[in-house]
1. Can you name the residue in segment 9-40 that is among the aliphatic types (A, V, I, L, M) and touching a Ser or Thr at 6+ places or on another chain (Cβ under 9 Å) and is also surrounded by the most Cβ atoms within 10 Å (Cβ to Cβ) among such residues?
2. Is at least one residue of segment 3-15 in contact with a helix residue (DSSP H, G or I) (Cβ under 7 Å, 6 or more places away or on another chain), among the small types (Gly, Ala, Ser), within 20 Å of Gly125 (Cα to Cα) and modelled with pLDDT of 75 or more?
3. Please determine whether any residue of segment 19-26 is at pLDDT 75 or above and farther than 15 Å from Asp126 by Cα.
Amino acid sequence: MSHDDEALISPSAAATTLGLNRSTLCRQIRSGHIPTHDGKVRLSEVRKARAENLKQPRGGPRKGAAPSRMQHHDPVAAAVLAVLRHHARIVATSVLEAGGSLEVAFAASRIAHSPFLEAARLALGDEEGVLVSLPADQVIEPDWSALAKAADVSCDPAALRAYLNGLPVWSDSGTSHFECAATCSA
């Protein structure tokens with residue numbers, strides 16, 4: 001696939017895939033560090049722009065582990081990443097135990113992940129995501145079929161995604177009632 005054939009995706013989807021907080025990626029887009037195409041981005045361009053334009057930790061890039069692997073010299077960062085890997089499962093199970101629907105559990109598992117990742121970065125003084133970066137493929141996905149069975153409801157993955165995509169907080173056109181309205185504005 002050529003560069004121009006790569007799919008354009010929303011900044012929210014790119015942030016989730018890369019394990020970033022949506023507000024972090026939007027801030028980097030607004031500052032001109034990451035190129036957009038009518039409000040959409042290409043993952044390859046986001047990765048390249050972040051690698052080229054964003055400041056590295058003191059002493060230059062970390063040696064050793066590739067950014068997408070969970071090998072960290074900092075034991076605190078490694079512990080935080082271990083917790084983050086289980087975050088979606090914990091949130092989903094908690095919502096269901098509190099009587100929420102499977103759709104709400106699915107949405108909460110996605111929506112709560114980014115602020116938790118952002119809090120971990122702030123606690124570690126890692127605002128640019130150098131120490132704490134968790135690509136979506138490293139998050140332990142809840143077993144939605146098993147959760148649906150335990151809740152005695154059917155599991156329709158397409159319906160779960162449609163519910164999430166219909167929420168204003170998840171779309172790029174809306175913002176959460178709990179975050180600053182300027183989070184993703186140009």
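The values are calculated or read from the model by the stated rules, or taken from the named source; none is laboratory data. It should be emphasised that the depicted structure is a prediction, and the values quoted were computed from it without experimental measurement. Note that each Cβ is placed from the backbone with ideal geometry, even for glycine, and that neighbours are counted across all protein chains shown.
1. Filtering segment 9-40 for residues that are among the aliphatic types (A, V, I, L, M) and touching a Ser or Thr at 6+ places or on another chain (Cβ under 9 Å), the one surrounded by the most Cβ atoms within 10 Å (Cβ to Cβ) comes out as Leu20.
2. Scanning segment 3-15, I find at least one residue that is in contact with a helix residue (DSSP H, G or I) (Cβ under 7 Å, 6 or more places away or on another chain), among the small types (Gly, Ala, Ser), within 20 Å of Gly125 (Cα to Cα) and modelled with pLDDT of 75 or more, so the answer is yes.
3. Checking segment 19-26: at least one residue is at pLDDT 75 or above and farther than 15 Å from Asp126 by Cα.
Yes or no, residue by residue, for (1) closer than 30 Å to Ala159 by Cβ; (2) at pLDDT 80 or above; (3) buried (at least 17 other Cβ atoms within 10 Å of the Cβ):
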| position | (1), (2), (3) |
| --- | --- |
| Val80 | no, no, yes |
| His87 | yes, yes, yes |
| Ile90 | yes, yes, no |
| Glu103 | yes, yes, yes |
| Phe106 | yes, yes, yes |
| Arg110 | yes, yes, yes |
| Glu128 | no, no, no |
| Ser133 | no, no, yes |
| Ala136 | yes, no, no |
